Amino acid sequence: MKVVAVFALCVTLFCQGYSNSLDSCQGRCGYGTNNNFSCQCNPRCESYRDCCSDYAELCKDGASSCAGRCNENYNSQNKCHCNSKCSQYNNCCSDYTDLCNSDGGGGSAVITDAEIKAISETLYALDSNKASASELIINPQALVSNSQTNSKIDHSSMPFFSYLDKEALFSKPTYTAFLALLDNYHWMTGQTEDFSSQQLAEQDTFLKETMSNTELGRELFTFFHTKGVYASEEEFIQDLKMMWFGLYSRYNNKMDSSGFEHIFAGEIKGGKVSGFHNWIQFYLLEKRGLLNYYSHNFNWPWTTYPDVLGMQFMWDGYYKEVGSMIIGCSPEFDLAVYSLCYITRPGKQCRLSLGGQELIIQTYTWQKTFYGDGKKFIATGFPVVP
């Protein structure tokens with residue numbers, strides 16, 4: 001079992017060497033407590049003694065640069081600021097314009113925040129395979145405060161999903177292709193992922209069905225193509241395959257993880273749930289009796305699907321303090337919005353607009369190993385819970 005050896009190593013410098021870039025305040029200064037990370041980057045961390053090692057350097061009085069701080073929440077302790085309102089208040093750091101003024105992460109094109117919001121609205125409108133109100137009924141039940149998310153108390157007596165029309169949704173090609181991938185992974189980190197030829201073919205089928213065979217996927221490629229990020233659809237699909245399915249090591253030098261596994265299938269690392277930001281996987285595990293929904297600490301304002309919630313749950317004996325996910329969207333929409341944010345704002349917050357409501361996606365890059373010409377794998381991505 002991969003989890004057995006983790007606790008003994010996590011207090012050593014060796015484990016620190018293998019901990020990823022998520023255990024840093026880069027891009028996180030001022031944001032609320034998020035237990036996806038082993039350390040925090042807001043003033044409360046000083047009281048709880050769980051600040052990241054670079055908290056003082058990046059987030060407190062000595063922080064005079066926007067390096068790693070673009071789009072951060074306002075923090076009165078900082079000498080200067082790196083968010084969209086600093087120009088209005090004339091308190092931006094001197095390198096704000098150079099570091100934070102919307103330079104895209106994919107290709108050499110400049111992709112503005114306004115363009116990201118516009119294409120995200122288009123993708124939202126094109127999600128014809130999302131669940132309807134008659135196909136999906138959820139039961140969020142208990143709403144808890146952010147201070148209660150670590151209590152591990154089951155506040156909800158009923159399952160989160162009350163009803164899903166599996167015949168209507170799961171028979172669609174993109175859902176079928178997505179479902180085929182979910183049993184290809186070991187949940188515990190530290191176990192090498194070794195894919196068969198069939199499983200590799202399932203990755204290709206998933207990308208083909210979601211990105212090549214849907215209007216939504218083709219629209220995303222067209223956007224990147226017109227911005228000069230990708231010269232061809234073949235290049236686009238190949239890059240998605242590497243950034244999402246390329247393997248790297250989260251623990252013990254084993255090729256045990258990928259962006260897809262972490263975000264969509266979920267992992268167990270260090271005795272707790274890591275990643276896991278997909279509603280379909282949540283539904284399947286809940287139906288099998290392997291997942292117990294406890295509560296939610298945030299519900300976004302949408303009244304139709306897709307909706308976004310931050311939830312607490314126990315998965316096969318391992319707890320997730322805040323698991324945020326987009327509920328009721330199609331697999332192609334999930335893949336598209338995370339890809340849009342990762343390619344345009346890698347390692348940063350990405351501001352989307354869905355039906356006129358803002359959704360912020362945070363992505364992180366994997367810093368230790370690379371693919372292609374120095375490109376970075378996806379480490380994680382998730383909707384930001386206020």
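The values are calculated or read from the model by the stated rules, or taken from the named source; none is laboratory data. As the structure is a prediction and not an experimental result, all values here were calculated from the model. As a convention, Cβ positions derive from the backbone with ideal geometry for all residues, glycine included, and neighbour counts pool all protein chains shown. These area figures cover heavy atoms from the full protein model, side chains too; ligands, DNA and RNA do not enter into them. Shrake-Rupley method; radii C 1.70, N 1.55, O 1.52, S 1.80 Å.
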Identify, please: which residue in the stretch 160-205 is in contact with a strand residue (DSSP E or B) (Cβ under 6 Å, 6 or more places away or on another chain) and open to solvent by 30 Å² or more (accessible area, probe 1.4 Å) and is, among those, nearest to ASN292 (Cα to Cα)?
SER162
When you look at ILE360, is it part of a strand (DSSP E or B) and without any contact (Cβ under 8 Å) to a residue 60 or more places away in the chain, yes or no?
yes
Test SER295 against the stated conditions and say whether it is modelled with pLDDT of 95 or more, small (Gly, Ala, Ser), part of a strand (DSSP E or B) and under 15 Å from the mean Cα position of the chain (by Cα).
no
Selection within the stretch 299-326 - over 23 Å from ALA131 (Cα atoms) and part of a loop (DSSP other than H, G, I, E, B)
ASP316, GLY317
TYR342 - would you say it is open to solvent by 10 Å² or more (accessible area, probe 1.4 Å), at negative phi and at pLDDT 95 or above?
yes
Test for LEU220: is it in contact (Cβ under 8 Å) with a residue 60 or more places away in the chain and more than 22 Å from GLY374 (Cα to Cα):
yes
GLU321 vs. criteria closer than 30 Å to SER151 by Cβ and either at pLDDT 95 or above or open to solvent by 30 Å² or more (accessible area, probe 1.4 Å) (or both)
yes
What residue, among those in the stretch 206-226 that are touching a helix residue (DSSP H, G or I) at 6+ places or on another chain (Cβ under 8 Å) and more than 20 Å from SER330 (Cα to Cα), is most open to solvent (accessible area, probe 1.4 Å)?
HIS225
When PHE370 is run through (1) closer than 18 Å to LEU240 by Cα; (2) outside any loop (DSSP other than H, G, I, E, B); (3) under 17 Å from the mean Cα position of the chain (by Cα), the failure sits at (3)
Based on what the data block shows, is LEU143 closer than 26 Å to PHE178 by Cα, among the aliphatic types (A, V, I, L, M) and either out of contact with any helix residue (DSSP H, G or I) (no Cβ under 7 Å at 6 or more places or on another chain) or touching a residue at least 24 places away in the same chain (Cβ under 8 Å) (or both)?
no
Scan the stretch 129-139 residue by residue and report those that are assigned to a loop (DSSP other than H, G, I, E, B) and either surrounded by 16 or more Cβ atoms within 10 Å (Cβ to Cβ) or touching a Cys at 6+ places or on another chain (Cβ under 8 Å) (or both).
ASN129, LYS130, ALA131, GLU135
Does PHE282 count as assigned to a loop (DSSP other than H, G, I, E, B), out of contact with any Ser or Thr (no Cβ under 7 Å at 6 or more places or on another chain) and closer than 17 Å to GLU321 by Cα?
no
Restricting to the stretch 329-386, count the residues that are more than 30 Å from ASP165 (Cβ to Cβ), in contact with a Cys (Cβ under 6 Å, 6 or more places away or on another chain) and among the β-branched types (Val, Ile, Thr).
1
Being open to solvent by less than 40 Å² (accessible area, probe 1.4 Å), under 19 Å from GLU115 (Cβ atoms) and at pLDDT 95 or above is the requirement here; does PHE245 meet it?
no
Look through the stretch 356-374, keep the residues that are farther than 16 Å from GLY310 by Cα and touching a helix residue (DSSP H, G or I) at 6+ places or on another chain (Cβ under 6 Å), and return whichever of them is modelled with the lowest pLDDT.
TYR371
